[in-house]
Amino acid sequence: MEEIIRAQQLIKRYVKNKQAEPALAGIDLSVDAGQLYGIVGPDGAGKTTLLRILATAMEPTSGSAQVAGYDVHKQPEAIRTRLGYMPQAFSLYPDLSVLENLRFFADINGVPPKQQKTRIDELLEFARLTEFTSRRSENLSGGMRKKLALACSLIHNPQILLLDEPTTGVDPVSRRELWQLLSKV
C-alpha cells in the first residue's frame, strides 16, 4: 500500500518557565492510504500537537514528517490542499451562518465557484443541516457544530482527513450521528 503519512523522530518542545518541556518525544508513525488510524493516549500525551504538526498548523522542534508525499516544513500549501482538518476546539466563525461558514471554507480551500453550490448542498444534506442554513454557528447545538465543522473540513474533497477528538463535548445521540456520518466518508 501507498504510505500517506510518515513521521520520523518528531519532537516538539514548548518553553514553559524558561525550560523546554517535551510535548512530543521522538514520534515515529506510518499510515497507509485508505487506512483508518487512531491516536490514543491520556490528556497531555501530545495527540493534538502531533495532529497540528501533520496539518501544518504548527512546526515541530525537530524530526521530519510527510503527508501525501509532501514535507510539512517545505511544502505546507501542497499538504493543505489535500487535507481536511477538524481541530478539537470549535474552529468555525460564530458570527457566520451555517451556509456562510461553508462558503467561506469552500473559498479558502479553492473550490471553484461553479462547483460550490453542488458541493455545499451535498454536505448540508450529508450533515443533516439543510434546515439550518441561515442559523449562526454560535447558535447551534454542540452536535450540530461538530457536524458543521466536519462538513467544512470535507468541502474540498480532501485526500486525507485528520480529526482531533471529533465527538468531545457532544451528547450520546449526537456522538452516534457523527460516527454514522464518518462511516460514510
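The values are calculated or read from the model by the stated rules, or taken from the named source; none is laboratory data. Here the structure is a predicted model, which is why all the values come from computation and not from measurement. Quick reminder, even Gly has a Cβ in these numbers, built from the backbone with ideal geometry, and neighbours come from all protein chains shown. Just the protein is used for accessible areas: all its heavy atoms, side chains included, with ligands, DNA and RNA removed. Shrake-Rupley method; radii C 1.70, N 1.55, O 1.52, S 1.80 Å.
Axis angle, to the nearest 10 degrees, between helix 98-108 and the longest C-alpha principal axis of the chain: 50 degrees. Taking 0.36 nm per residue of sequence separation and removing the Cα-Cα distance, the ASN17/SER91 pair yields an extension gain of 23.8 nm. Exposed loop positions in the chain were taken to be trypsin sites (Lys or Arg not before Pro) whose DSSP state is not H, G, I, E or B and which have at most 15 other beta-carbon atoms within 10 angstrom. Between these positions, the longest stretch is 19-73. The modelled label-to-label distance for the pair THR133/LYS117, using points 7 Å beyond Cα in the direction of Cβ, is 1.0 nm.
Per residue, the accessible area of the chain comes to 57 Å² when a 1.4 Å probe rolls over the protein heavy atoms. With the alpha-carbon atoms of the chain aligned to their principal axes, the span from lowest to highest coordinate is 49, 34, 30 Å, starting with the largest.
In the chain, helical runs assigned H by DSSP with n ≥ 4 each contribute -39500 (n - 2.57); averaged across all residues and rounded to the nearest 500, the mean residue ellipticity at 222 nm is -10500 deg cm²/dmol.
Using a probe radius of 1.4 angstrom, the carbon and sulfur fraction of the accessible surface of region 43-178 is 49%.
Under the criterion of Cα pairs below 8 Å and six or more residues apart, the relative contact order for region 1-150 equals 19 percent. Between TRP179 and MET1, the simple spin-label model (points 7 angstrom out along Cα→Cβ) gives 2.1 nm. For a test of understanding, tell me how many lysine pairs in the chain have Cα atoms under 22 Å apart, given they are 8 or more places apart or on different chains. Going through the chain pair by pair, I get 10.
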